[in-house]
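Asker: Got a structure for you, questions after.
Please treat every number below as a calculation from the coordinates, not as lab data. Just so you know, these numbers come straight off a predicted model, no measurement behind them. Virtual Cβ from ideal backbone geometry, glycine too; neighbours counted across all protein chains shown.
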Amino acid sequence: MSGLRTKLIRESLRSNLARVTVAATAAVVLVTAPGPFSAVQASAATSASMSQARVSAIRLGALRWAEHQAGKWYCYGGSGPSCYDCSGLVMKAYQHAGIWLPRTTYGMLASSKLRWIPARYRKPGDLAFYGSGHVELVTSRGTFGALDTGTKIGWHSTSVWWYPTMYFEIQLSG
């Protein structure tokens, strides 16, 4: 009886193992067998996973570049390299990460390259809009950006009076 039980367990494990699809950012292992998932679905899942990894790398690259501008002065209409305004900093940060965004906050809000996300899904490097006239980058501590005339570029905390009203993430086309 013990041999029959071992054989049944092995067959069950083989059957379940044949249905497993493992998707990773760098590689995909696809074992085809009868089951609910097709190779097309697995490919789509892999593509989505790779796209999310690329978006994450772009977001973090933009944030890191922007953070290297800390301490420079705010200047109205500025897009670097010596001073920036809020949208000029965000535009240049994403440009250095390979994404071209419009120059102004209004242009960014109308851009098809951005997708609105609920606040609970924001991640470092996403865009935080304070109304329609100010934008900064999300950090793990609040936001980072160019605030106003007479201030230096840096990290900002939210308060009861000063907080983002909407968040957006970049969206890759195609």
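Asker: Would you order ILE99, ILE117 from fewest to most other beta-carbon atoms within 10 Å of each residue's own beta-carbon?
Answerer: ILE117, ILE99
Asker: Which loop trypsin sites (Lys or Arg not before Pro) in the stretch 75-174, with loop taken from DSSP, have no more than 12 other Cβ atoms within 10 angstrom of their Cβ?
Answerer: Working: sites: LYS92, ARG103, LYS113, ARG115, ARG120, ARG122, ARG141, LYS152; in loops: ARG103, LYS113, ARG122, ARG141.
Answer in residue order: ARG141.
Asker: Say a paramagnetic label sat at a point 7 Å from the Cα of ALA57, along Cα to Cβ; which residues of the stretch 82-115 have their backbone N under 15 Å from it?
Answerer: It comes to 97-99, nothing else.
Asker: Filter the chymotrypsin sites (Phe, Trp or Tyr not before Pro) in the stretch 81-141 to those in DSSP coil with at most 10 other Cβ atoms within 10 Å of their Cβ, and list the result.
Answerer: The qualifying sites are TRP100.
Asker: Okay, next question. Using a ≥ b ≥ c from the Cα gyration tensor of the stretch 60-170 (square roots of the eigenvalues), is it rounded, prolate or oblate, where a/c under 1.5 gives rounded and otherwise the larger of a/b and b/c decides, a/b for prolate?
Answerer: Numbers: a/c = 1.38, a/b = 1.14, b/c = 1.21.
Rounded shape, in that the Cα axes give a/c under 1.5.
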